[in-house]
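Q: Sharing a structure here in structure tokens format.
The values are calculated or read from the model by the stated rules, or taken from the named source; none is laboratory data. Every value quoted in this text rests on a predicted model; they were computed, and no experiment measured them. Cβ atoms come from the backbone with ideal geometry, glycine included; neighbour counts cover every protein chain shown. The area values use the complete protein model at the heavy-atom level, side chains included, leaving out ligands, DNA and RNA. Shrake-Rupley method; radii C 1.70, N 1.55, O 1.52, S 1.80 Å.
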Amino acid sequence: MIYGIGTDLCDIRRITATLARKGDRFAEKVLGPSEIQVFRARRTRVESRGISYLATRFSAKEAFSKAIGLGMHMPMTWRACEILNLPSGKPEIRLHGELARWFSARGLVAHVTVTDEADHAASFVVVETQPLPPEAAP
Ligand SMILES: CC(C)(COP(=O)(O)OP(=O)(O)OC[C@H]1O[C@@H](n2cnc3c(N)ncnc32)[C@H](O)[C@@H]1OP(=O)(O)O)[C@@H](O)C(=O)NCCC(=O)NCCS
């Protein structure tokens with residue numbers, strides 16, 4: 001059953017400006033431990049690819065915060081929600097700490113998709129409740 005949906009549209013020019021103003025502190029505030037490594041690797045190769053990565057992650061975290069209904073309020077924090085890619089390229093949400101406990105206590109699973117063009121990044125998240133195993137069904 002669907003628990004919640006969330007969407008977000010992010011202006012990459014604003015991310016570029018914030019990064020220029022605040023430097024890496026901004027990326028370190030938004031990205032989790034695995035994401036920051038991907039960001040740095042992509043940025044080293046092509047600056048704009050790194051910024052697009054930061055923008056899609058920023059967008060997906062906001063979309064996830066809407067899908068769970070908390071917005072950016074505890075236990076939802078930027079760094080506790082990572083959007084990482086499987087070897088196939090498909091993005092998946094990996095949660096940490098108190099947010100991970102909050103999420104699994106409710107038996108939730110999340111699905112995320114992201115996209116970007118020159119100036120915009122967008123994402124969409126669906127959170128659903130896990131179906132009960134047959135033996136637990138009433
Ligand atoms: C939901 C949130 C994550 C997104 O807000 P935003 O990016 O400012 O605005 P958006 O246009 O993307 O989204 C706003 C919409 O989200 C929805 N929304 C707000 N709170 C929500 C919640 N708790 N759950 C689900 N949806 C929510 C509303 O529909 C709102 O639009 P409305 O008021 O016209 O109905 C916001 O609550 C928030 O906490 N933002 C934090 C942003 C921040 O910290 N920025 C600093 C960057 S370092």
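Q: Does anyone have the angle between helix 47-67 and the longest principal axis of the chain? Alpha-carbon axes, 0 to 90°, nearest 10?
A: Helix 47-67 sits roughly 30 degrees off the main axis of the chain.
Q: Also, quick follow-up: Over the range 2-136, average the accessible area per residue using a 1.4 Å probe and give it in Å², no decimals.
A: On the way: 7370 Å² over 135 residues.
For the range 2-136, the solvent-accessible area averages 55 Å² per residue.
Q: Now, a different point. What percentage of the solvent-accessible surface of the chain, computed with a 1.4 Å probe over protein heavy atoms, is contributed by carbon and sulfur atoms? Provide the component values of the computation, followed by the final result.
A: Values: 4370 of 7750 Å².
For the chain, the apolar C and S fraction of the accessible surface comes to 56 percent.
Q: Helix 12-22 against the longest principal axis of the chain: what's the angle in degrees, Cα atoms only, rounded to the nearest 10?
A: Helix 12-22 sits at roughly 70 degrees to that axis.
Q: Could you size up the charge dipole of the chain around its Cα centre, putting +1 on the beta carbon of Lys and Arg and -1 on that of Asp and Glu, and report it in debye to the nearest 20?
A: It comes to approximately 520 debye.
Q: Over the range 2-136, what is the relative contact order in whole percent, taking alpha-carbon pairs under 8 Å and six or more residues apart?
A: 35
Q: Any idea what angle helix 33-45 forms with the longest principal axis of the chain, computed on alpha-carbon atoms, 0 to 90 degrees, nearest 10?
A: Relative to the chain, helix 33-45 is tipped by roughly 30 degrees.
Q: Still on this structure, I have one more. On the principal axes of its Cα set, how long, how wide and how thick is the range 98-138? Give whole Å, largest value first.
A: Reported extents, whole Å, longest axis first: 50, 24, 8.
Q: Determine by what factor the alpha-carbon radius of gyration of the range 15-138 differs from 2.2 N^0.38 Å, reporting the quotient.
A: After normalising by residue count via 2.2 N^0.38 Å, the value is 1.13.
Q: With springs connecting C-alpha atoms under 10 Å apart, model the chain as a Gaussian network and identify which of G32, G89, G71 has the largest mean-square fluctuation.
A: With Cα springs under 10 Å in the chain, the top fluctuation among G32, G89, G71 is at G89.
Q: Would you be so kind as to identify which of I93, V112, P134 lies farthest towards the positive end of the dipole of the range 90-138, taking Lys and Arg as +1 and Asp and Glu as -1 on Cβ and the Cα centre as origin?
A: Of the options given, the answer is P134.
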